[in-house]
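Here the structure comes first, spelled out in structure tokens, and everything after it is commentary.
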Amino acid sequence: MILPLFRHELRSCLFPTFIIAAVAILYAGVIVGMYDPALGESLALMRDAMPELFAAFGMADQGTTLLEFMVNYLYGFLLVALPLVLVAVLSSRLVARHIERGSISYLLAQPVGRTRLMLSQASVLVFCLVLLVAVLTAFELACAQALFPGELDASDLVAVNAATFCLWLFLSGMCWAGACALPNVSAARWAGVALCTLFVLAQMLSGVGDELSWIGDVTPLALFDPLGIASGSMGALAGAAALGVSGAVLFALGTIAFERRDLSV
Amino acid sequence: MANASAPAICVRGLTKDYGRGRGVFDVSLEVSSGEVLGFLGPNGAGKTVTMRHFMGFIRAQGGTVEVLGHDCFRDRPLVQVHLGYLPGESSCMREMTARSFLNLMAGMRGLRDRSRMRELADVFELDLDARIGGMSKGNRQKVAIVTAFMARPDVLLLDEPTSGLDPLMQERFLDLVAEERARGAAVLLSSHIFEEIGRACDRVAFIRAGRVVMTCTMDEVRSMRGRGYTVEFANVRERSRWELAHGNEPAKGGARVVELRGVRDVNALIRELSSYDVAEVTSRAQTLEELFLHLYEGDEPSGRK
């Protein structure tokens with residue numbers, strides 16, 4: 001890590017992280033607040049009226065516990081899409097924007113090496129994601145404790161959020177690899193996020209009907225099974241681990257590509 | 001320094017082919033410590049591509065590119081410890097103030113002593129607390145100059161360094177280059193400004209269509225420089241006679257003046273003019289621009305290799 005650069009980049013990345021964290025905890029607060037048996041019945045009525053729409057957003061089943069309720073309404077779509085927006089913004093800001101504006105020439109002119117430079121930039125992105133998951137977990141626990149004391153198993157929530165973090169790492173790795181490796185700045189900025197969006201859309205489509213359910217199974221997002229994590233399923237744990245490892249590998253591949261590529265800046 | 005006897009900057013047979021004639025081909029250059037090499041050439045001739053190889057931004061397809069004995073692509077961090085770079089495009093981080101940007105660059109370089117940075121900011125009258133994005137092109141260039149020089153590097157790569165600077169700041173910049181040369185730095189200075197090259201450089205290399213077509217010392221350049229003459233004929237008829245004798249169209253309008261560039265044999269000119277009715281002849285030294293103009297226009301080099 002290059003500390004002066006890390007501090008500078010973190011300052012510029014904290015604002016978008018704060019915005020996404022604020023939106024995420026707002027939704028989390030609303031969803032936890034909605035865990036009310038009476039409201040649950042009206043939600044069930046809405047779900048029965050529009051089963052395909054609810055299924056598309058990963059909200060097919062209300063669940064019986066607060067954690068299951070949260071997983072169904074938060075982790076199926078919102079906590080995938082919102083962090084995807086964040087990692088797209090941050091990977092663009094940390095890599096593509098420097099190349100586009102030419103300021104990368106000043107960073108590369110310092111005696112730090114490209115690998116160290118990119119690892120420092122990547123650590124800013126990962127730090128922001130850690131911050132997001134920590135704030136989200138703390139808020140969910142506090143909110144659940146305030147509204148429904150004793151209803152939420154803290155260790156299960158932490159396990160689910162750790163798995164969610166692994167998914168975010170994978171999404172970040174996709175965006176990072178694109179930003180580092182692709183020579184065209186527009187492609188570098190959008191290729192990773194476009195592919196991830198495709199995965200999310202495929203997941204949504206697979207929830208609509210049985211005949212399309214196979215689509216969801218062929219995207220890497222199928223490895224993310226928060227309910228399985230909460231119930232301690234080994235398969236779900238392995239899936240989350242695979243996502244985390246894949247994310248790390250994508251970060252490494254992106255950094256290696258950046259180390260070797262020509263930079264006409 | 002890695003190897004005191006070797007040239008500080010050494011390129012041999014550098015080739016990078018981008019296709020359709022673009023790139024650099026078999027470029028060879030050397031710059032010793034305490035020497036300033038001017039790098040001249042038209043737009044797109046390959047000056048910046050060559051600079052990028054020194055910086056390790058791009059990998060050479062052929063040939064070797066070394067700074068202080070280190071391969072510029074493979075040993076980038078080792079090279080950049082000794083290197084100060086001023087890019088052709090002023091691309092500092094615009095959202096930062098000059099002070100925070102320079103502190104960031106110094107911090108990344110591990111430069112603890114910031115006295116030179118403050119000294120250079122004073123020399124160039126740079127407002128360190130101004131935001132770079134709100135600066136004029138000249139002031140942004142000053143930030144780039146301070147960034148390149150503040151670590152007292154052994155090798156300086158300067159791509160169009162005085163772009164946007166006012167004449168006073170250009171003077172101060174040339175003084176700074178002379179100071180660095182006296183300190184022992186090797187400087188490669190790419191420029192379009194002939195006067196700047198003439199004043200700052202010990203040698204000059206001319207690159208065209210990706211090939212170095214001429215390298216010579218400034219003493220050799222001075223000896224190659226002819227004189228320019230302005231001949232005012234007594235009337236238009238005389239000027240037309242002159243034009244026809246030199247295979248040109250006869251003069252149109254009332255102009256009686258002819259500009260002659262790069263005249264080497266003044267006796268031959270006097271003999272020729274004696275057969276014309278001449279009102280006035282004035283002479284001046286040929287500018288570097290005139291000397292190199294034929295290279296810009298694509299003629300074969302008349303200078304020595």
Averaged over residues of B:146-152, the number of beta carbons from other chains lying within 10 Å of each residue's Cβ is 1
When chain B is treated as a Gaussian network with springs between alpha carbons less than 10 Å apart, the largest mean-square fluctuation among B:S100, B:S191, B:S275 is found at B:S275
Residue span B:H246 to B:N267: 0.36 nm per residue of separation minus Cα-Cα distance leaves a gain in nm of 5.8 nm
Exposure-ranked with fewest Cβ neighbours within 10 Å first, B:M55, A:M46 stand as A:M46, B:M55
Here the net charge surrounding B:D265, from other residues whose Cβ is less than 15 Å away from its Cβ (Lys, Arg +1; Asp, Glu -1), is +4
From the Cα centre of region A:213-254 to that of region A:158-205, the distance in Å is 13
PRE zone check, label point 7 Å out along Cα-to-Cβ of A:V185, amide N under 20 Å, scope region A:95-118, hits A:95-110, A:118
Taking 0.36 nm per residue of separation between A:A142 and A:S231 and subtracting their Cα-Cα distance, the length gained on full extension comes to 29.9 nm
Nearest 10, in degrees from 0 to 90: the angle of helix A:78-91 to the longest Cα principal axis of chain A is 10
Row for the protein assembly as shown, column shape: gyration tensor on C-alpha, a ≥ b ≥ c, rounded if a/c < 1.5 i.e. under 1.5, prolate if a/b over b/c, else oblate; value prolate
The equivalent-ellipsoid semi-axes of region A:102-155, taken as the square roots of five times the Cα gyration tensor eigenvalues and listed largest first in whole Å, are 42, 9, 5
Heads up, chain B by the C-alpha gyration tensor (a ≥ b ≥ c square roots of eigenvalues; a/c under 1.5 rounded, else a/b over b/c prolate, else oblate) looks prolate
Taking a label point 7 Å from the Cα of A:E100 along Cα-to-Cβ, the residues of region B:91-127 whose backbone nitrogen sits under 20 Å from it are B:91-96
Measuring from the longest principal axis of the C-alpha atoms of chain A, the long axis of helix A:234-260 (C-alpha) lies at a number of degrees, nearest 10, equal to 20
Assertion target for B:S274, A:S12, ordered by fewest C-beta neighbours within 10 angstrom first, is B:S274, A:S12
extent check for region A:181-225: Cα max minus min per principal axis, descending, whole Å, gives 40, 17, 12
Any residue on another chain or 5+ positions along whose placed amide H is under 5 Å from the amide H of B:V278 is listed here as B:A234
Between B:V257 and B:R211, the FRET efficiency computed from the C-beta separation at R0 = 30 Å comes out, to the nearest 0.05, as 0.20
Inter-chain shielding metric for A:110-118, i.e. average beta-carbon neighbours from other chains within 10 angstrom, reads 5
Among region A:89-104, those whose backbone N falls under 11 Å of a label point 7 Å along Cα→Cβ from A:S12 are A:92-104
With Cα coordinates, the longest principal axis of chain B makes an angle with the long axis of helix B:137-149, in degrees rounded to 10, of 60
Ordered by fewest other Cβ atoms within 10 Å, a rough proxy for footprinting exposure, B:E180, B:E89 read B:E89, B:E180
For B:237-249, A:106-118, ranked highest to lowest by mean beta-carbon neighbours within 10 Å, the order is A:106-118, B:237-249
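Every number here is computed from the coordinates shown, using simple stated rules; none is lab data. Model, not experiment: these values are computed from the prediction. Every residue, glycine as well, gets a Cβ built from its backbone with ideal geometry; the counts of neighbours run over all protein chains shown.
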